[in-house]
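Visitor: For reference, the structure I am asking about is given below.
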Amino acid sequence: MTPSTQPTPNGYRLSQIAVHWIVFGLVAFMFFTGDYMTDAWRAMTRSGATTWTSPWVPIHIVGGLLVFALMLARLALRRRYGAPPPPADEAPALRFLAVGVHHLLYFDLLVAPLVGLAAYFLFPKLGGVHEFLVRLPIIVLVGLHVVGALYHRFVLRSGVAERMLWPISG
């Protein structure tokens with residue numbers, strides 16, 4: 001069945017939920033250990049040679065590659081299984097905000113690892129772009145995402161937040 005002929009799901013599958021939370025964990029890990037990579041990148045730009053003196057360099061690079069690969073998997077799962085629609089009575093402005101936040105998060109989580117690789121191995125001047133992509137936008141977008149989930153859970157009681165906790169069968 002193609003995505004256009006699939007029935008609209010009323011929730012997410014276990015694989016979709018697992019990828020969501022694994023990416024969340026990886027991004028949190030990368031965020032809290034990113035300063036080690038920043039230090040290594042700065043040392044590399046000063047000396048002109050790629051340095052692997054810190055064990056955090058390969059860990060950070062592998063983590064970024066995992067985030068990128070899992071985001072591709074997430075897109076493939078979404079294409080294959082679809083996503084549940086927003087609540088029918090959701091305000092158009094909230095719908096627009098939710099779609100925008102999700103699209104920007106996907107974009108950032110796909111582009112930031114690629115820019116990071118390019119900055120470390122090919123074009124060091126892109127390091128500032130990578131640092132920007134993984135700091136303010138991620139904090140703001142994840143913050144909006146969490147606030148939206150909590151708003152749906154505790155104010156609207158719409159069941160939207162629970163869809164990313166409990167899988168549907170199938």
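Visitor: Among the residues of region 116-165 satisfying the criterion of being part of a loop (DSSP other than H, G, I, E, B), at negative phi and touching a helix residue (DSSP H, G or I) at 6+ places or on another chain (Cβ under 8 Å), which is surrounded by the fewest Cβ atoms within 10 Å (Cβ to Cβ)? Step through it out loud before you land on a result.
Guide: Applying the first criterion (part of a loop (DSSP other than H, G, I, E, B)) to region 116-165 yields 122-123, 135, 157-160, 165.
Retained after the next criterion (residues that are at negative phi): 122-123, 135, 158, 160, 165.
Now drop any that are not touching a helix residue (DSSP H, G or I) at 6+ places or on another chain (Cβ under 8 Å), which leaves 158, 160, 165.
Values: 158: 16, 160: 18, 165: 13.
Step by step, filter region 116-165, then rank; the result is 165.
Visitor: Exactly one of these conditions fails for residue 28: (1) within 13 Å of the chain's Cα centre (by Cα); (2) surrounded by 14 or more Cβ atoms within 10 Å (Cβ to Cβ). Give me its number.
Guide: Result: residue 28 passes all but (2).
Visitor: May I pose another question? Evaluate region 109-125: report whether one residue or more is of a type in the set (Ser, Thr, Tyr) and over 17 Å from the mean Cα position of the chain (by Cα).
Guide: Yes, that holds for at least one residue.
Visitor: Take residue 93 and decide whether it is more than 30 Å from residue 37 (Cα to Cα), crowded, with 18+ Cβ neighbours inside 10 Å and among the small types (Gly, Ala, Ser).
Guide: Against the criterion (more than 30 Å from residue 37 (Cα to Cα), crowded, with 18+ Cβ neighbours inside 10 Å and among the small types (Gly, Ala, Ser)), residue 93 does not qualify.
Laboratory data are not the source of any read-out in this text; all were calculated from the coordinates shown. This structure is a prediction, so every number in the text was calculated from the model and none was measured. Note: ideal-geometry Cβ built from the backbone for every residue, glycine included; neighbour counts use all protein chains shown.
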